[in-house]
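Right, one structure below, let's go through it.
The values are calculated or read from the model by the stated rules, or taken from the named source; none is laboratory data. The structure displayed is predicted, hence computed values, not measured ones. Cβ atoms come from the backbone with ideal geometry, glycine included; neighbour counts cover every protein chain shown. In case anyone asks, the SASA skips ligands and DNA or RNA and just uses the protein heavy atoms, side chains included. Shrake-Rupley method; radii C 1.70, N 1.55, O 1.52, S 1.80 Å.
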Amino acid sequence: MEKMEFPKDFLWGVATASYQIEGFPLADGAGQSIWHRFSHTPNTTYKGDTGDVACDHYHHYKEDVAMMKELGVKAYRFSIAWPRVFPNGKGKINLKGIDFYDRLVDELMNAGIEPFVTLYHWDLPAALQDEGGWMNRDVANWFADYADYVFQKLGDRVKHWITLNEPWVTAFMGHMLGIHAPGMKDVYAAFKVVHNQLRAHSKAVDAFRAENLDGKIGITLSNRSQSPVSQNEADLMAAQIAHEQINYPLFLNPIFKGEYPKHLLVVARDYFPAGYEHDMDDIKKSIDFVGINYYSGSLVKSDPKATFGIRTLDRGLEKTDMGWEIYPQGLYEILTGVQDTYNPKEVFITENGAAFKDSVITGEVHDQKRIGYLKAHFKEAHKALMDGVKLKGYFVWSLMDNYEWAEGYSKRFGIVYIDYKTQKRTIKDSAKWYSNIILKNAID
Ligand code: IFM
């Protein structure tokens, strides 16, 4: 079989997020986040699991960086906990909070690993939620001020910045479905949150440009490929609306074109905040790269009674432990769709990976299914690269098992196994396999 080679400078990486791995979220003067508050509220997460200890990366970060170095990982995507740096979200700075990330970045630089920093991966300071959080228009300034401070502190070493991780999830899982923090169920709130996140992203990009730093800035979006169940007009339209609502168009259309996607507006215009049109010129702004997260696909049927007229069907494909169907070709569809529609300068796969039930057997974890999953997706990424997508790197989610939000510790996404009782890290077979791919810079 033909060997698929990747470009010489291709960045193979791993990804994590602050609340999911760090533990000790209130240490050294940090403030509470909305996730701390949410997970400590009864009946919100699996078995009441919280991020109180997680992988204790806060104290094990040196060991974790050494492990990445050992695996040959070229880049590490992590997020900064806003309430560690600004315990109240604004105003007073907590030097010990930023110091943790300063030390982490130094450790990465010394290990020859490129840091990719996400400024927001869902842990909004709880004090800001008390003022309306993402529903308050002022959040755009609060976020830009926080981002600016971090640019000033870490911008001499960090060359890649991601403003927001998966703003769709913040808006809809957090404000319409109530599954994530802050646990609201209000569709109007969700669209307000979409809009304010775009405004916040835009102001953070302005702050970054004003600092005149050597570096690049982009945004990371969640995606699930949406295939119509038939070629009839109604099903095709349902799949298109699902794509515009759930995937990159909801955010990239405003950023690249200054407008929300048109088919979505037909069914959801009333939900957008009044006067949103006046912000669109500001939101339209050049970014340096697009981050794509991809895990799964959906089969879609038109159903006038369902939300936005979209119903999802089970097409009987193999699923991961999340119950998400395995659909690698969807990654190709998403990548080529982004490139063809917006022609971004660079694209990174900022997350892709799978949860499976793993266990340690005499010191080893034989996670063959995860290897199969990753290999199939790597091939689709390579195909997209060959077909003109300006793909520059690929981050596997996740470096290690971690706190899977409302699912608590019941799902394991890591290529490194975490024993939560002892904090022992065990390199899974998938990590060994990935390490070899990185070394060869090719798949066969
Ligand atoms: O764990 C999450 C991550 O925080 C955001 N993207 C999807 C992952 C798996 O659900």
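Key figures
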quantity	calculated
Conditions (1) part of a helix (DSSP H, G or I); (2) in contact with a strand residue (DSSP E or B) (Cβ under 9 Å, 6 or more places away or on another chain); (3) open to solvent by less than 10 Å² (accessible area, probe 1.4 Å); number of the one not met by G97	(2)
Output for region 180-200, where each listed residue is under 13 Å from V169 (Cβ atoms), part of a helix (DSSP H, G or I) and touching a strand residue (DSSP E or B) at 6+ places or on another chain (Cβ under 9 Å)	Q197
Pairs, first of a type in the set (A, V, I, L, M, F, W, C) in region 266-295, second within 16 Å of the ligand (Cβ to nearest atom) and at pLDDT below 95, C-beta under 9 Å, six or more apart	none
Search result, residues across region 224-249 that are over 25 Å from the mean Cα position of the chain (by Cα) and not small (G, A, S)	P228, V229, Q231, N232, E233, D235, L236, M237
Residue in region 35-43 that is buried (at least 21 other Cβ atoms within 10 Å of the Cβ), over 19 Å from K424 (Cα atoms) and either over 20 Å from the mean Cα position of the chain (by Cα) or of a type outside the set (F, W, Y) (or both) present	yes
Residue satisfying all of: in region 394-436; among the β-branched types (V, I, T), open to solvent by less than 30 Å² (accessible area, probe 1.4 Å) and assigned to a strand (DSSP E or B); farthest from M173 (Cα to Cα) among these	T426
Residues of region 123-143 satisfying the condition of being in a helix (DSSP H, G or I) and over 19 Å from the mean Cα position of the chain (by Cα)	A126, A127, L128, Q129, G133, M135, V139, A140, N141, W142
Selection status of L221, under 19 Å from P167 (Cα atoms), within 19 Å of the chain's Cα centre (by Cα) and outside any helix (DSSP H, G or I)	yes
Those residues of region 198-234 which are among the basic types (K, R) and more than 21 Å from F348 (Cβ to Cβ), in sequence order	R199, K203
Test: residue in region 299-311 that is under 30 Å from D206 (Cβ atoms), more than 18 Å from the chain's Cα centre (by Cα) and among the aromatic types (F, W, Y)	no
Residue list for region 158-175, restricted to those being open to solvent by less than 40 Å² (accessible area, probe 1.4 Å), assigned to a loop (DSSP other than H, G, I, E, B) and at negative phi	V158
Selection within region 120-142 - closer than 11 Å to Q197 by Cα and open to solvent by less than 30 Å² (accessible area, probe 1.4 Å)	Y120, G133, W134, V139, A140
Residue within region 318-329 that is at pLDDT 95 or above, within 13 Å of the ligand (Cβ to nearest atom), outside any helix (DSSP H, G or I) and touching a helix residue (DSSP H, G or I) at 6+ places or on another chain (Cβ under 6 Å) present	no
Members of region 37-61 found to be out of contact with any Leu (no Cβ under 7 Å at 6 or more places or on another chain) and in a helix (DSSP H, G or I), listed by number	R37, F38, S39, Y46, K47, G48, H57, Y58, H59, H60
Leading residue by the ranking (nearest to L213 (Cα to Cα)) among those in region 123-169 that are touching a helix residue (DSSP H, G or I) at 6+ places or on another chain (Cβ under 6 Å) and within 16 Å of the ligand (Cβ to nearest atom)	T163
Check on I361, out of contact with any strand residue (DSSP E or B) (no Cβ under 8 Å at 6 or more places or on another chain), of a type in the set (A, V, I, L, M) and closer than 18 Å to A442 by Cα	no
Counted residues, region 364-387 - those being over 20 Å from the mean Cα position of the chain (by Cα) and either more than 16 Å from K8 (Cα to Cα) or crowded, with 16+ Cβ neighbours inside 10 Å (or both)	16
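Let's see how each residue does on (1) over 21 Å from Q245 (Cβ atoms); (2) more than 16 Å from the ligand (Cβ to nearest atom):
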| position | (1), (2) |
| --- | --- |
| P304 | no, yes |
| H366 | yes, yes |
| H377 | yes, no |
| H382 | yes, yes |
| G388 | yes, yes |
| Y394 | yes, no |
| W397 | yes, no |
| D401 | yes, no |
| Y409 | yes, no |
